[in-house]
Amino acid sequence: MWLKAIILSAICCGLFHYADASESVNTNSAESDLVTYPVPPGLETSPDFTVKVNDTEVWTQQVGDGGMENLNVTRFACSGLQTITIEAPSDIRNFVIRPKSLDIDARLSGKELTFNIPGPQKLYIEIDDLPHLAIFADPLEADPPENSGPGVIYFAPGSYNEDVIRPESNQTIYIAAGAVVHANIRGSDLKNVKITGRGILHGNVRISGTSNLEVSDIFIYHDSRGWTNTLTNCPHSVYRNVKVFSFKTIWGVDGINPVSCIDFLIDDCFVRARDDCISIKSSNKEIKTDSITITNCLLVGWQHADGVTLGFNIDGLMQNVLVKSCDILYARGQGHTGGHSAFSIVCDNNGDVRNIRFEDIRVEENVEIKNLELIVTEGQRYGTNNTPGHIQGVYLKNVHWENPDKPFVIAGIPFDNHIVEDVTFDNCYVGGKLLKSMEDADFQVEFAKDIKFVK
C-alpha cells in the first residue's frame, strides 16, 4: 500500500500545490506563523463562507448531509497572534462565537466578521441561519515523516480509496495535509500504533487489544452506522487534537468511545456527533475501566447526544474518571432514559461506577432536555437479564450550566442498594446562581443519598 501512496503522490503533485510544514505565510510578525493546508481533491468548497487568516485566504470545506446538517470546516496551523476574517454571502445580522468562555471580541462590518486569536484554537461559529462553521487552528507540525519507510504507511496529498487499513505493531499511519483517505482502520492485539497527520480520514477507527495507541491531529468524518472511534481494551493510549464529525445516521455514530480501557487520555479534541460525543463504556466483566481522562475538549451533541456519558454499557467496574476543562455546546434529543443531558452516568448493566469527577465544565444554552443525569437503571434499556449496578462517589466542581430550567436527574432503583450515593456539588452554578441546595434548581431525585453542596 505504501507504493500506491507514493505513485498517487507523484500524480497529485502535478495538480495541487503542496504546502508542507516548512511553507508558512508571512504574517509580518516575527512571533507569528501561518501554515495553510493544500486542498484535497474531490471535496466540496463551502458556498457559505470565505475565511482569511492574516489576509491569506484559507480553504473552507463543507461536509455533511445537507442544510443545517452540514458543517463548514476551516483548518490551518499557526503560532502567535492571528487575525481571522469570515465573509458571508450577505450582511451578517446575528452571530455567536463558541465556546463563549473564550470571550472573543469580534468586529462586524456588513458581510465580514473579524476577530483575533492568540494562537492554536478550536472555534465553533454560528452566523444567521447558515450551516455552522468550525475553525481548527492547529499547532505547527513538528517533525512529520517525509514519505513511506520502515514502520510508516504514508498518504501524501491526494485522494485514496483504501476500503480497510490494517496497521501492524510499531507502525505509524500518516495522513498528510492535503490528503483524504476513504477507509476504515481496523486492528487488534497490537502495540505502539500511531495514526496521525493533518489530513482527513473519511471512515471510522475500530481497534482492540492494543496498548500505546496514539491518534492525533487528523480530521475524521463518518457517515454510516457504527461508532466513529471504538477503542476496546486499549490501555495507555491517547487521542489528542483529533477532530470528529459524524453525520447522516442518527443512532450509533458516537464520536470517541473508550471501552474497557485503562489509562486512556482524550485531550484537546473537537467532536460534533449525532449520537454521544464521548462515551466511556465497559463491555467485559473481567476488565475494569480505570483512569480515563477527558480534558480541554469542545463538544457538540447534535441530534441524540450527550457531550460526555459514562454508559449505557457498564458490565465491569468503572472507576477513576476525570472530565475537566471542557465546553459542552449542545446536548439534544430523546433516548432510552427520557432524553439526553449535557453529561451523564447511565449505569444500565451490572457494573459499579466509583470515583468520578467533573471539574471546570462550561455547559452552554443549547441543552434541550436535561442538565445532568446520574442514574442506575433496572438493566433492561440495552439488553435483558442484566443485574443493576451502583453509582458511588461523584464530585462536581466549578461546573457552570447556563440553563436554569433544565432538570438535574439523580436516581437509582428501589431494591438491593442499587442507588446513587455520595454526590458533591462544589462551587457549581446554574443560570449564574450558586447551587447551595436542591431548592436552587430543578432536582429530580429518588433512591439516592448523601447529596452535598459545598459553598
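Assorted remarks:
- Within the set 252, 209, the sole residue that is at positive phi and at pLDDT below 95 turns out to be 252.
- Enumerated strands (runs of 3 or more DSSP E) restricted to the stretch 213-274, each holding at least 1 residues that are open to solvent by less than 10 Å² (accessible area, probe 1.4 Å) and of a type in the set (Lys, Arg): 243-246, 270-273
- Filtered residue count, the stretch 277-319, keeping only those that are open to solvent by less than 10 Å² (accessible area, probe 1.4 Å), in a loop (DSSP other than H, G, I, E, B) and at pLDDT below 95: 2
- Among the residues of the stretch 50-98, those identified as assigned to a loop (DSSP other than H, G, I, E, B), open to solvent by 10 Å² or more (accessible area, probe 1.4 Å) and either polar (S, T, N, Q) or more than 13 Å from residue 121 (Cβ to Cβ) (or both) are 54, 55, 59, 65, 66, 89, 90, 91, 92, 93, 94.
- In the stretch 262-289, the residues that are touching a residue at least 60 places away in the same chain (Cβ under 8 Å) reach residues that are of a type in the set (Phe, Trp, Tyr) and open to solvent by less than 10 Å² (accessible area, probe 1.4 Å) with C-beta atoms within less than 7 angstrom, at least six apart or across chains, in these pairs: 270/136; 272/245.
- Inspection of the stretch 397-411 identifies no residue that is polar (S, T, N, Q), within 27 Å of residue 259 (Cα to Cα) and open to solvent by 10 Å² or more (accessible area, probe 1.4 Å).
- Condition check for residue 198: among the basic types (Lys, Arg) and surrounded by 22 or more Cβ atoms within 10 Å (Cβ to Cβ): yes
- Residue count for the stretch 325-373, restricted to those that are aliphatic (A, V, I, L, M), over 20 Å from the mean Cα position of the chain (by Cα) and open to solvent by less than 20 Å² (accessible area, probe 1.4 Å): 1.
- Residue 17 meets the conditions (1) at pLDDT 95 or above; (2) part of a loop (DSSP other than H, G, I, E, B); (3) not acidic (Asp, Glu) in every case but one. The failed one is (1).
- Condition met for residue 116 (under 23 Å from the mean Cα position of the chain (by Cα), closer than 22 Å to residue 298 by Cβ and assigned to a strand (DSSP E or B)): no
- Evaluation of residue 322 against the conditions (1) at positive phi; (2) modelled with pLDDT of 95 or more; (3) open to solvent by 10 Å² or more (accessible area, probe 1.4 Å) shows that the sole unmet condition is (1).
- Residue match in the stretch 377-392 (condition: closer than 21 Å to residue 291 by Cα, open to solvent by 10 Å² or more (accessible area, probe 1.4 Å) and not aromatic (Phe, Trp, Tyr)): yes
The values are calculated or read from the model by the stated rules, or taken from the named source; none is laboratory data. The structure displayed is predicted, hence computed values, not measured ones. Note: ideal-geometry Cβ built from the backbone for every residue, glycine included; neighbour counts use all protein chains shown. Accessible surface is based on the protein model in full, side chains and every heavy atom, while ligands, DNA and RNA are left aside. Shrake-Rupley method; radii C 1.70, N 1.55, O 1.52, S 1.80 Å.
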